[in-house]
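Undergrad: The following block contains the structure, expressed as structure tokens.
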Amino acid sequence: MTLLEVDKLSIAYRTRTATAAAVDGASFCLEKGKSVGIVGESGCGKTTIGMGLMRLLPPNAVVQGGRIGFSGMNLLALPDDRMQTVRWKRISMIFQAAMNALNPVHKVGDQIIEAIRTHYPEISRSDAAARVEQLYEMVDIPRSRAFDYPHQYSGGMKQRAIIAMALSCNPDLIIADEPTTALDVIVQDQIIRKIKQIQHEQNIAVIFISHDIGVVAEVCHDIMVMYRGRIVESGRREEVFRTPAHPYTQALLASYLTIDGVVDVDFTQTPPCEYPGEISPEICGYIENCPRATDACRTRKPQWRELSATHKVYCSLCE
Amino acid sequence: MHTEAKPDNPDILEVERVKKTYRDERGLFRTSGETLTALNGVSLNIGRGEIFGLVGASGSGKTTLGRLVLHLESMDAGSIRFHGTEIHSLKGAALKAFRRRVQMIPQDPYQSLNPYMSVYDTVAEPLIIHHDAAKEKRSQLVEDAIRAAGLTPAKAYFNRYPHQLSGGQRQRAAIARAMVLSPDFVIADEPTSMLDASISFTIFKLLAEIRKQRGVTFLFITHDLAAARFLCDRIAVIYHGEIVESGPAESIIRHPQSDYTRALIDAQPRFSFMKQPHFREQT
């Protein structure tokens, strides 16, 4: 059953002098209980998609078009009060660096109670407190620590508490934006396992946003690769890893350091560190950095090409 | 100070049985008796021109060791010798001279660059502090360092401020600042933990290139064994303030002896699904 259907979503940011496209025609589907990873470098638009789904974009963002279908509704057309009934109850989010945003002067458990009672005012404080303890069990923090202050938690515990907060209202979909960045590898691995386990047990759909293709591959059924505001490749994770088709995906995998070299590293290909200036929306965004770009790439618009029922790539070379 | 390395002593840095304990300074008179042992008898040697990896999770003591080697903190016991000289007995001019030769690339380029200083001023500051070069020569050294850090054309970056740079560019500016004095020894403390995976890779390649071009010795502090394997000649794995294992990077990863090293290896993304014929159900 399709839970989420994003169709040609385009979001731009207005600045004083210009409008910068952040997401350009993103389309994807997510089944109930499945997970999809959005991977790409800083500034490629992955967080903007997440914030767009939550309708929490900053005031200078403009949704230029598209549709976000979520269990029969178009979220983009919902009035604000209706959206408030979707937010957290149906779709919740693990915000980037949220563990550092816990309020230092309130106990962590109280902050989760606040989240629950904001969305369900009819739930009593003591029922909400019981729910917090249940959530703590789920994320493997001792119940006795529920009403400690954030500074008494380690980084991993704070991140678990943030996951508990995202789960607090039983959502159908969790958007996890870089949930393991800034954690060390061992804690990162524990958090990834926890998210996978909860996703599976509670049958929650997850959108996992990360710059780290390795982390995304550990968690997600499907992977979407983004570059400069566009989804350039999407497919089952096995397909994207075994037969990466877009030159950017290939470069991204080539630059991924693994401990046992499963991904073949070709040191001649590394992703660039810079975006070269403004690009025309009509041509491929990777053109300046693509080792395989031809003259034809400069004149024609890339097309989606289906490599399998689930795997597709947006590139003018792969036709 | 310019102590020549003794011919029988090719190690640029010798760390011997270093101990460091932090006192829990809670309470009005800071009298609470609790202590935390950050380093418990750590020993290691780093050879000239080597990239040595110190690998451990948060709280293992790896950053503390880096700070002790820089003489930013005092140690409780042990000795740290740089070119055969005990650094913790250095004072005054000798200490300042030592600091010229040992530089650091800090962890977070979003916090370590002064937002009010342009790239040129940031990179030139060490030269001014150490009265290193005449003004005319200074701009050439700054330009060389910025170019060596991979920001080209270097002059185009002179007047940029940190907020005009991407994370990777900021870290390159920090690398230029560390390299401008032509140090012998550089400590890179998690230099890519704030950067994207693909940008990290370009920074690792840059460090390897600097070693090759300038013969700089590196102490590379990281929690990422895959990065250590890529960059380092030898690594030491540190856990709870003790070195549990050290040796050539490749052999430690292929044949880990301690449980902790094994745990670090297991925590790395392995793409295990790639090896399985059928799609593995999520567990």
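The values are calculated or read from the model by the stated rules, or taken from the named source; none is laboratory data. Small disclaimer: the values here were computed from a predicted structure and weren't measured. Here the Cβ positions follow ideal geometry from the backbone for every residue, glycine too, while neighbour counts run over all protein chains shown.
Undergrad: Just to be sure, is A:Ala20 touching a strand residue (DSSP E or B) at 6+ places or on another chain (Cβ under 8 Å), among the small types (Gly, Ala, Ser) and either in contact (Cβ under 8 Å) with a residue 24 or more places away in the chain or part of a loop (DSSP other than H, G, I, E, B) (or both)?
TA: Spelling it out, it is not the case that A:Ala20 is touching a strand residue (DSSP E or B) at 6+ places or on another chain (Cβ under 8 Å), among the small types (Gly, Ala, Ser) and either in contact (Cβ under 8 Å) with a residue 24 or more places away in the chain or part of a loop (DSSP other than H, G, I, E, B) (or both).
Undergrad: Residues in the range B:192-206: is at least one within 30 Å of B:Val142 (Cβ to Cβ), away from chain A (no Cβ under 13 Å) and under 16 Å from the mean Cα position of the chain (by Cα)?
TA: no
Undergrad: Just a yes or no: is a residue in the range B:157-177 within 28 Å of B:Val42 (Cα to Cα) and either among the aliphatic types (A, V, I, L, M) or within 12 Å of chain A (Cβ to nearest Cβ) (or both)?
TA: Yes.
Undergrad: If only one of A:Asp177, A:Asp189 is over 30 Å from A:Gly69 (Cβ atoms) and acidic (Asp, Glu), which one is it?
TA: One residue alone meets the criteria, A:Asp189.
Undergrad: Return yes or no: is B:Ala249 of a type in the set (A, V, I, L, M, F, W, C), within 14 Å of chain A (Cβ to nearest Cβ), surrounded by fewer than 24 Cβ atoms within 10 Å (Cβ to Cβ) and in contact with a Lys or Arg (Cβ under 7 Å, 6 or more places away or on another chain)?
TA: For B:Ala249, the condition - of a type in the set (A, V, I, L, M, F, W, C), within 14 Å of chain A (Cβ to nearest Cβ), surrounded by fewer than 24 Cβ atoms within 10 Å (Cβ to Cβ) and in contact with a Lys or Arg (Cβ under 7 Å, 6 or more places away or on another chain) - is met.
Undergrad: Checking B:Ala267 against (1) within 11 Å of chain A (Cβ to nearest Cβ); (2) surrounded by fewer than 17 Cβ atoms within 10 Å (Cβ to Cβ); (3) of a type in the set (Gly, Ala, Ser): exactly one of these is not met. Which one?
TA: With (1) within 11 Å of chain A (Cβ to nearest Cβ); (2) surrounded by fewer than 17 Cβ atoms within 10 Å (Cβ to Cβ); (3) of a type in the set (Gly, Ala, Ser) applied to B:Ala267, the lone miss is (2).
Undergrad: Any residue in the range B:109-124 that's over 20 Å from B:Pro191 (Cβ atoms): show its pairings with residues that are among the polar types (S, T, N, Q) and surrounded by fewer than 18 Cβ atoms within 10 Å (Cβ to Cβ) at Cβ separation under 7 Å, as long as the two are six or more apart or on different chains.
TA: As it stands, the answer is B:Ser118/B:Asn159; B:Tyr120/B:Asn159, since those pairs meet every condition given.
Undergrad: Follow-up question, since we're still on this one. Anything in the range B:208-225 that is farther than 23 Å from B:Thr261 by Cβ and away from chain A (no Cβ under 13 Å)? List them, or say none.
TA: Scanning the range B:208-225 gives B:Ile210, B:Arg211, B:Lys212, B:Gln213, B:Arg214, B:Gly215, B:Val216, B:Thr217.
Undergrad: Limited to the range A:77-102, what total is found for residues that are crowded, with 16+ Cβ neighbours inside 10 Å and without any contact (Cβ under 8 Å) to a residue 60 or more places away in the chain?
TA: The qualifying residues number 4.
Undergrad: If you don't mind, there's one more thing I want to ask. Of the residues that sit in the range A:153-202 and are assigned to a loop (DSSP other than H, G, I, E, B) and among the β-branched types (Val, Ile, Thr), which one is farthest from the other protein chains (Cβ to nearest Cβ)?
TA: My answer is A:Thr180.
Undergrad: Kindly indicate whether B:Ser182 is hydroxyl-bearing (Ser, Thr, Tyr), under 21 Å from the mean Cα position of the chain (by Cα) and modelled with pLDDT under 90.
TA: Criteria not met by B:Ser182.
Undergrad: A follow-up question, please. Residues in the range B:46-87 that are part of a loop (DSSP other than H, G, I, E, B) and within 24 Å of A:Val187 (Cα to Cα): how many?
TA: Residues meeting the conditions: 6.
For (1) part of a loop (DSSP other than H, G, I, E, B); (2) at positive phi; (3) out of contact with any Asp or Glu (no Cβ under 8 Å at 6 or more places or on another chain); (4) surrounded by 21 or more Cβ atoms within 10 Å (Cβ to Cβ), each residue gets a yes or a no:
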residue	(1), (2), (3), (4)
A:Ile113	no, no, yes, yes
A:Thr118	no, no, yes, no
A:Pro121	yes, no, yes, no
A:Ser126	no, no, yes, no
A:Tyr136	no, no, yes, yes
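Undergrad: Look at B:Ala188 and say whether it is within 16 Å of the chain's Cα centre (by Cα) and within 18 Å of B:Ile146 (Cα to Cα).
TA: yes
Undergrad: Still on this structure, I have one more. Working carefully through the options B:Ala149, B:Ala156, B:Ala134, find the one that is under 21 Å from B:Gln213 (Cα atoms) and among the hydrophobic types (A, V, I, L, M, F, W, C).
TA: Result: B:Ala149 is the single residue among B:Ala149, B:Ala156, B:Ala134 that is under 21 Å from B:Gln213 (Cα atoms) and among the hydrophobic types (A, V, I, L, M, F, W, C).
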